[in-house]
Every structure is written in C-alpha cells, then in structure tokens.
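For reference, the structure discussed in these notes is given below.
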Amino acid sequence: MQEKNDFFNNLEKLINDFNIKGIKEVKTIALVYQVAFKLIEKSGKLKFPIAYKYTEIDFNKNIAEKHIQEIQNCSLSLIDAVMAGEAYDDLMTEFIETKNLANTNLGQYFTPRDLALFQAEINISHHKLDDFSEDKYFWIGDDTGCGAGSLILAYMKSIKELIKGFEDIHYQSIAIRMNDIDVDLSKIAYFQVVLSSLLHSCPIGIVVVEGKNILTEYQEVKNRNEFVMNMPKYTKYKLKNQE
C-alpha cells in the first residue's frame, strides 16, 4: 500500500533527523500522531456530542517550530495511511517491526501483530452480541503496559468478524481503558485508537488512556487522555452508576 509506505518513509526520516538532535524515537512518533489529531481538530469535525481532552507532549518547541513543515507532512501522510487501510490497523507496531526499532533503538518489546490477533480471538470468544447494548458500556482494557495499543487494536479489528451481527454502531458501546508507564507511548496508543475510529467512522464510546506506574500510582489520575463519543449518554451512565 503506497500510502503506508510513504508514511513509514516520512516517519523514518523524521526520526533519524530528530535522533541527531537527541530526541527519542517514541517522542517523535507521539508528536506526529498528536499533530495528525490536531489537523482533524482544525477541520471542525469534532463537535458535540463528542468530548475529549489530551495532555500536550513535552517536546522541544524550538525544534518543533523549525521543522513544522516536515512534521505536518508526516502527520498528513499518517492520516492518508490510516484512511487507506482498514479500521484499527496497528500501523505503529508494523512500523516498529518493519524497521526493527523495538530491540535496537527503543529498548522495548511490542506485542507482535499475529500474537495480538490470536489473543483477541481468545478474548472475544467469551463475548456475545448482547454484551454490546446501546444503553451501557462494555469495558475492555490493557492497563499493565499497553505499549502502542496492540492488544486493544487487535480486539477492535477482530470483533466485527468474530461476533455475528456486530455492526459499526456497536463500537459506541465499547469503553477502553489503557495505561503505560511510558507517557509518550500512552499517547501513541490513545491517538492510534481514536484516529482510526474517527477516520473510519466507527467511533468508540469511551477511550481513557493514562501514563503512570500502575503499581505505585494506581489510584492517581495522571497524564490522562480521554475521548467520549456521546457525552449525554456518558453523563447518564455516570449518574446511574453513582446511585
């Protein structure tokens, strides 16, 4: 797919350019994803009843301003790649595998796509269509170390073909919670899921992603990013669960 190859090439070049300036790969990737989301924001598509918030990436402003055109071009190629693919494709993990970044530069290991899809198939086998009703939320999560969101993306990608009768409208009954100790990775996971859901018109009900230590900061709200598709439904849900 040409769009995906163009994005991978643009991202690799940007990573290499910023590496020379001492910026880590994950931070560069997170910036590209956030700028892509900001471009969608500027289009005016994210209106009520949608509600969302995200924390800004801690990035060197002077470097970002100097390379703003390259960053925006890379983010635009990301949007093109997401739209050209299927809903909930895990572009980030594929990029990391293709460029062999996980072990050499990032110092981290990401769940291979085949393994993530296999795990998703096992998890989904325990669910049925009735679990995804319009008046409630069905929570799924990966809060021990979500990485780029591989397991969640695999779940979302597989559910439509594995649960008979599951349609795009049912995605709005799904609520996702993720966490990673790496703040920049948690942002990548957040934007990967939200961007794909928006660009393929199958938005998820709730997405909540935090960047914190799950052992020592479990009860803290920290580096929190949220997306709610239908705020009136979410408000009603919260009130009902407080009774």
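Throughout, read-outs are computed from the coordinates displayed, never taken from laboratory work. Every value quoted in this text rests on a predicted model; they were computed, and no experiment measured them. For neighbour counting, all protein chains shown are included, and Cβ atoms are generated from backbone atoms with ideal geometry for every residue, glycine included.
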Taking Lys and Arg as +1 and Asp and Glu as -1, residues besides L14 with C-beta under 15 Å from its C-beta add up to -1
To the nearest 10 degrees, the tilt of helix 150-162 (Cα long axis) against the first principal axis of the alpha carbons of the chain is 50 degrees
For 174-183, 75-84, ranked highest to lowest by mean beta-carbon neighbours within 10 Å, the order is 174-183, 75-84
For the chain, longest principal axis from Cα atoms; helix 183-199 axis from its Cα atoms; angle between them, nearest 10 degrees, is 60 degrees
So, relative contact order of the chain in percent, Cα under 8 Å, 6 or more apart, is 23 percent
In nm, the gap between the two label points placed 7 Å beyond Cα toward Cβ at M83 and I40 is 1.2 nm
The answer for the per residue Cα convex hull volume of region 120-243, in Å³, is 111 Å³
Under the 7 Å Cα-to-Cβ spin-label approximation, N73 and I20 lie apart by a distance in nanometres of 1.5 nm
Surrounding charge for K164, neighbours by C-beta under 14 angstrom, Lys/Arg +1, Asp/Glu -1, total -2
So the angle from the long Cα axis of helix 113-124 to the longest Cα principal axis of the chain, reported in degrees to the nearest 10, equals 10 degrees
One finds the C-alpha centres of region 138-182 and region 44-100 to be spaced, in Å, by 19 Å
For region 15-99, the charge dipole (Cβ of Lys, Arg +1; Cβ of Asp, Glu -1; about the Cα centre) points to a positive end, and the Cα of I96, Y54, M83 closest to that extreme belongs to Y54
Projected onto their principal axes, the Cα atoms of the chain stretch, largest extent first, over whole-Å spans of 53, 39, 33
Taking every other residue with Cβ under 12 Å from the Cβ of I152 and scoring Lys and Arg +1, Asp and Glu -1, one gets -2
Summing -39500 (n - 2.57) over every DSSP H run of at least 4 residues in the chain and dividing by its residue count gives a helix-only mean residue ellipticity at 222 nm, to the nearest 500 deg cm²/dmol, of -16000 deg cm²/dmol
